[in-house]
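Notes to accompany the following structure.
The values are calculated or read from the model by the stated rules, or taken from the named source; none is laboratory data. Being a predicted model, the structure only gives us computed values, none of them experimental. In this analysis, Cβ positions are derived from the backbone assuming ideal geometry, glycine residues included, and neighbour counts consider all displayed protein chains.
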Amino acid sequence: MNLKGTVCWKSPSNIALVKYWGKYGRQLPKNPSISFTLSNAHTFTEIDYEYVENVNSGPTLEFAFEGESNKAFGEKILNFLNSISDELPFINSLNLNIRSHNSFPHSSGIASSASSMSALVLCILSIEQKIKSLSEIDLKKASHLSRLASGSASRSVFEKIAVWGKTEFVPDSSNEFAVPYLDGIDPIFFDFHDDILIASAAEKSVSSTAGHALMNDNPYGSARFQQANDHMGAIIKAMQNGDLNTFGKIVEKEALTLHALMMASDPPYILLEPNTISMIRAIQTFRKEKNVPVFFTLDAGPNIHLLYPHKNLEDVKALKSELIKLCIDGRIIEDHVGNGPKQIK
Ligand code: PMV
């Protein structure tokens, strides 16, 4: 059987509340993590495919990012597809033309591996669905395969809130894949805002891959992995109780701990910018003075994620007009908790 067609998915980024930092084996996390799935920050991936049943010498692929052929990304994708072809042998019979773009501007300092890799995997599973006439895509499998490409991508597959990594606080949790986590959570967290404040659009001096590796010899490593697991228990309880203060305390501690771990690595490094610190101070002062539940988190970079409930949208405007002055070219990406990936074709 030969088959031709086009598949297309839009998949969002996510922001970790308890951070995954440190891994072992084949992309397995040293601690559990929990994240908000975002909406506006997403990758759109479209693939024209040709499946030639009796030819197993593939896959072949062409890859264009933001409308331009990109060999380096193409090679990365080819390596990834080869690495999962033992699980999905039909991959060896595919010729692919992949076109991908992000909703957020290129070099905005936003990591895109979670959205791009989950979009790619969902497209590949859509092709499998067509070849095998499957009724639906198994999201657990999508999460597992996304994880193999980029750990945090495992969480982007699910709407609103996802947990990745084995923890006693989430019974069906696993190191192999993420699970959605909505049961018992106070709905205030289902439409939380996340405004991404761009403190620098420069490429990171140390990649996440290198940062994870440095956790192997970090002197605070084992204490950190224990802390992350304890934070999972505490943040889940806070989110079930709608306890914004405890939620915010843990989220901010997680962000600062992540960067403290980088500063305590060998060699040590700093990804924060002076404006990141100024923004943190402005947020903390505003919260204290106005008594508004607005918090920050960071991923492995200098940009601030400003988190607050939808009901406080108006209250936070005054703070945002201060923070925008500290952003590169006044850049803010306004985002919120979203409904997960969407199949376009
Ligand atoms: O998925 P990776 O390998 O890019 O690592 C992501 C690490 C953090 O963004 C810092 C934390 C997380 O859990 O997403």
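For the range 38-70, a tally of residues being under 30 Å from ASP299 (Cα atoms) and touching a helix residue (DSSP H, G or I) at 6+ places or on another chain (Cβ under 6 Å) returns 6.
Out of everything in the range 162-181 that is away from the ligand (no atom under 13 Å from the Cβ) and in a strand (DSSP E or B), what residue ends up being surrounded by the most Cβ atoms within 10 Å (Cβ to Cβ)?
Filtering the range 162-181 for residues that are away from the ligand (no atom under 13 Å from the Cβ) and in a strand (DSSP E or B), the one surrounded by the most Cβ atoms within 10 Å (Cβ to Cβ) comes out as THR167.
Taken over the range 162-183, the criterion of being touching a residue at least 60 places away in the same chain (Cβ under 8 Å) and hydroxyl-bearing (Ser, Thr, Tyr) is satisfied by THR167, SER173, TYR181.
Would you mind finding the one in ALA199, ALA210 that is touching a Pro at 6+ places or on another chain (Cβ under 8 Å) and over 19 Å from TRP164 (Cβ atoms)? It would help to see each step written out before you state the result.
Details: ALA210 fails: touching a Pro at 6+ places or on another chain (Cβ under 8 Å).
It is ALA199.
Within the range 25-73, being touching a residue at least 12 places away in the same chain (Cβ under 8 Å) and closer than 19 Å to SER174 by Cβ holds for ARG26, GLN27, LEU28, PRO29, LYS30, ASN31, PRO32, SER33, ILE34, SER35, THR37. Of the set (1) within 21 Å of ILE131 (Cα to Cα); (2) within 16 Å of the ligand (Cβ to nearest atom), all apply to SER57 but (2).
Going through ASP138, ASP191, ASP186 one at a time, which residue ends up being without any contact (Cβ under 8 Å) to a residue 40 or more places away in the chain and either closer than 26 Å to ALA213 by Cα or more than 15 Å from the ligand (Cβ to nearest atom) (or both)? Of the residues listed, the single one that is without any contact (Cβ under 8 Å) to a residue 40 or more places away in the chain and either closer than 26 Å to ALA213 by Cα or more than 15 Å from the ligand (Cβ to nearest atom) (or both) is ASP138.
Apart from one condition, ILE188 fits all of (1) under 26 Å from THR297 (Cα atoms); (2) at pLDDT 95 or above; (3) assigned to a loop (DSSP other than H, G, I, E, B); (4) over 19 Å from the mean Cα position of the chain (by Cα); the exception is (3). Would you check if there is a residue in the range 300-322 being farther than 22 Å from ALA16 by Cβ and among the aromatic types (Phe, Trp, Tyr)? So far as the range 300-322 goes, no, none of its residues is farther than 22 Å from ALA16 by Cβ and among the aromatic types (Phe, Trp, Tyr).
Here is a check on your reading of the model: is LEU94 of a type outside the set (S, T, N, Q), over 22 Å from SER156 (Cα atoms) and buried (at least 21 other Cβ atoms within 10 Å of the Cβ)?
yes
Being within 16 Å of the ligand (Cβ to nearest atom) and hydroxyl-bearing (Ser, Thr, Tyr) narrows it down to one of SER146, SER126, so name that one. Going through SER146, SER126 in turn, the sole match is SER146.
A count restricted to the range 194-219 and to residues that are out of contact with any strand residue (DSSP E or B) (no Cβ under 7 Å at 6 or more places or on another chain), within 15 Å of the ligand (Cβ to nearest atom) and assigned to a helix (DSSP H, G or I) stands at 8.
Of the residues making up the range 135-150, one or more are more than 17 Å from the chain's Cα centre (by Cα) and either surrounded by 22 or more Cβ atoms within 10 Å (Cβ to Cβ) or more than 23 Å from SER85 (Cβ to Cβ) (or both). Residues that are without any contact (Cβ under 8 Å) to a residue 60 or more places away in the chain, closer than 29 Å to ALA264 by Cα and in contact with an Asp or Glu (Cβ under 8 Å, 6 or more places away or on another chain) do occur in the range 205-221. Taking strands (runs of 3 or more DSSP E) as the structural unit, those lying wholly within the range 1-88 and holding at least 1 residues that are exposed (fewer than 15 other Cβ atoms within 10 Å of the Cβ) and over 14 Å from the mean Cα position of the chain (by Cα) correspond to 2-18, 60-65.
Can you tell me which residues in the range 89-133 are in a helix (DSSP H, G or I), without any contact (Cβ under 8 Å) to a residue 24 or more places away in the chain and among the polar types (S, T, N, Q)? Listed by number, the list holds a single entry, GLN129. Any residue in the range 281-301 that's within 16 Å of the ligand (Cβ to nearest atom): show its pairings with residues that are among the hydroxyl-bearing types (Ser, Thr, Tyr) and assigned to a helix (DSSP H, G or I) at Cβ separation under 7 Å, as long as the two are six or more apart or on different chains. Between residues of the range 281-301 that are within 16 Å of the ligand (Cβ to nearest atom) and residues that are among the hydroxyl-bearing types (Ser, Thr, Tyr) and assigned to a helix (DSSP H, G or I), the close pairs are ALA300/SER208.
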